[in-house]
Every structure is written in structure tokens, then in C-alpha cells.
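The values are calculated or read from the model by the stated rules, or taken from the named source; none is laboratory data. All of these numbers come straight from a predicted model, not from anything done at the bench. Backbone-built Cβ (ideal geometry, glycine too); neighbour counts: all protein chains shown.
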Amino acid sequence: MKTLRMRVAGVARALATGMISLCFLVVGYGLAELLFSATGRPTPLWAYIVSILFGLLVFAGTVSLILLIAHWIFHGRFNNRQMDYIKTVTNALNKIAQGDFDVVISTTDLNTQRNDFNGISESVNKMAKELGSMEKLRQEFISNVSHEIQSPLTSISGFAALLKNEALSAELRKRYIEVIETESRRLSKLSDNLLKLSALESEHVSFAPHEFRLDKQIESAILMLEPQWLEKDIILDLSLEKLIFNGDEGLFSQVWVNLLHNAIKFTPAAGNISVTLTENENAVCCIIADNGIGISETDQIHLFERFFKVDKSRDRSLGGNGLGLSLVKKIVTMHNGEIHLNSSLGMGTEFIITLPR
């Protein structure tokens with residue numbers, strides 16, 4: 001059946017070719033007859049040859065005319081626009097490679113209506129926008145790290161210079177040494193948090209989930225921070241269900257320490273902090289609430305961003321570097337969990353962590 005169709009198609013192509021050739025020969029014969037009527041008829045052989053030559057000339061002229069029209073339409077108009085567009089895209093990519101991300105390709109200006117061109121334009125524009133955002137975040141990150149490092153280094157350098165004064169009293173010398181120790185610990189904590197966050201984001205950190213008592217871990221974090229909340233006479237209200245959770249125990253210890261440390265730091269003396277741990281068939285829920293200074297709605301949007309501080313002067317005086325909540329968010333996300341907060345200025349803050357069973 002297939003062979004028959006191929007034969008029929010071949011015959012059809014042959015007939016079409018023959019008909020076209022016959023048409024050109026007829027036209028050639030007509031032109032030759034016009035020439036003979038003006039110059040006289042030659043011998044039959046030459047008349048036949050001249051008719052064929054005229055037919056070939058008509059064929060060649062027709063093909064040349066068709067090619068010329070096609071070149072004028074497709075190359076002269078369409079391809080020139082296409083080449084202009086390609087040059088525009090190339091220039092835009094060169095600018096992006098050189099660090100200039102303020103690039104926008106407008107298909108309207110190029111008068112290109114093709115969907116594939118528009119798709120390329122949208123992709124380049126999107127890439128430039130995203131790279132620009134990443135560059136802005138990178139610059140802000142470097143600026144924040146430099147600032148956080150510079151502040152304690154200035155304190156350490158300044159108080160170390162003061163210690164050279166042999167006339168200092170023992171009390172002043174002790175206070176200066178304590179400041180140097182505090183700022184050194186702050187630098188160490190900043191470096192440690194940066195390394196942890198970098199490892200978590202690059203996914204090079206070892207993730208070793210296993211079953212452990214989540215309520216016991218929270219209790220251990222509270223006991224570790226006992227000197228801080230006892231110093232401020234903070235009242236803790238604990239309601240922890242005994243439950244076993246499957247996760248990375250080492251990573252999760254940082255979650256509770258960071259959240260509880262923030263709650264203690266921003267809760268006034270004789271304030272209250274409550275920690276509630278519950279579970280159901282689908283999820284584990286931990287709520288850490290305080291009656292501290294609270295967080296405005298504007299600040300809540302950026303709360304989990306690196307180096308973001310709700311109250312920069314207060315936070316810096318208490319040793320914060322704005323990385324703790326970024327670590328918390330990343331660790332919870334790694335466990336397919338979610339973290340939310342309810343807060344308002346002067347009304348305290350409530351962090352809600354939900355983890356799938």
C-alpha cells in the first residue's frame with residue numbers, strides 16, 4: 001500500500017513538472033513566433049531550437065523574478081528586523097555580563113510581533129531584573145557584614161589602647177577587659193552564624209534526622225538560658241507535651257535557643273514568657289510567646305531577612321547581629337515546617353512553629 005502511494009505521488013510530481021515545462025515551452029513558442037513574424041521564419045530545426053531557448057529564458061526569468069521578490073520581502077524587511085533584534089539582545093547580554101543590570105528590551109520599539117522574539121525579550125528582562133536584585137542583596141550583605149565586624153573591632157581596638165595606660169585603676173582595667181571579652185564573643189558568634197547560614201543555604205551541612213524527645217530538647221534550651229531570664233526576673237509558663245519527633249536534633253537546638261534568647265532579650269524585667277508544645281495526628285506545634293516590646297507590621301515583613309533588626313540600637317547594645325531568625329527560618333523549612341508570628345507594638349510577640357509528623 002505504501003509503495004503504491006509512493007508511485008502515485010511520483011507520477012503526480014512528474015505530471016506537474018511536465019505541465020510546468022509545457023507551459024514554458026508554449027510561452028517560448030509564442031515569443032519565437034512573434035520574432036519570426038518580424039524577421040522571417042528560419043528552417044524548421046532552427047525554429048524548434050529558438051522556441052526551446054525562448055522557453056528556457058522565460059523559465060529562468062520567472063525563477064529569478066520569484067527569488068528577487070522573496071529576497072526583497074523576507075531578507076530586506078523581515079531579516080533586517082531580525083538582525084537588529086539579535087544585535088539588541090547581544091548588546092543587552094554584554095551589558096549584563098559587565099554588571100549593568102538596568103537592561104530592558106522593548107519589542108514594541110523593535111516592531112517585532114513574533115511570539116518567539118517576545119519570549120526572548122521577556123527572558124532577558126527577567127534575568128536582568130533577578131540578577132539586579134541578587135546584586136543588590138549581595139551589596140547589602142557585604143555592607144551589613146562590614147558594619148557588624150567594624151563595630152566590635154573598633155571597641156576592642158579602643159579599649160585595648162586604653163589598657164596601655166599604667167595609671168588605670170584595677171576597677172577600670174577590669175571593666176575594659178570585660179568589654180573586650182564581650183565584643184570578642186560577639187565577633188565569634190557573628191562568624192559562627194555566618195558559617196552556619198552559609199552551610200545551610202549551600203546544602204553542604206550534614207542533615208541527620210533521627211527520633212528524639214522534642215519536649216526534653218526545649219527544656220534543655222530553657223535551662224541553658226536560665227541565668228539570663230533569672231537576671232530579669234522573668235516568669236516562664238511551660239506546657240510541654242511529651243512527644244517524639246523525627247528531625248535533626250543538632251539543628252533544632254539552634255531554633256529553640258535563638259527564639260528563647262530573643263524572647264528574653266525583648267521582654268522587660270518581671271515579664272512573662274510562655275512555651276507551649278502540642279501535637280495531633282498530622283503536625284507538631286510549638287508556640288513561644290512573650291509580653292515584650294512587640295514588632296510593627298512593617299518590620300514583620302523583613303523579620304527573617306539576614307541582618308534585619310527591629311530596633312538596631314537596642315539590638316546592637318544587647319549583642320544581636322540579625323542572623324538568628326534567618327537560621328531559624330532555614331532550619332524549619334529544611335524540615336518541611338512553617339514559622340509564623342503574631343505581634344504588635346507594645347503587645348508582645350508570638351512565634352508559631354508547625355512541623356509535619
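Odds and ends about this structure:
- Some residue of segment 232-253 being at pLDDT below 90, polar (S, T, N, Q) and outside any loop (DSSP other than H, G, I, E, B): yes
- The residues on offer are GLU281, GLU219, and the sole one that is part of a helix (DSSP H, G or I) and surrounded by fewer than 18 Cβ atoms within 10 Å (Cβ to Cβ) is GLU219.
- Neighbours by Cβ (under 8 Å, 6+ apart or cross-chain): first from segment 333-345, under 14 Å from HIS302 (Cα atoms); second buried (at least 16 other Cβ atoms within 10 Å of the Cβ) and of a type in the set (Gly, Ala, Ser): SER343/GLY294
- Among the conditions (1) over 20 Å from HIS261 (Cβ atoms); (2) surrounded by 13 or more Cβ atoms within 10 Å (Cβ to Cβ); (3) modelled with pLDDT under 80, the only one that LEU197 does not satisfy is (1).
- Test for ILE339: is it at pLDDT 90 or above and under 30 Å from SER155 (Cα atoms): no
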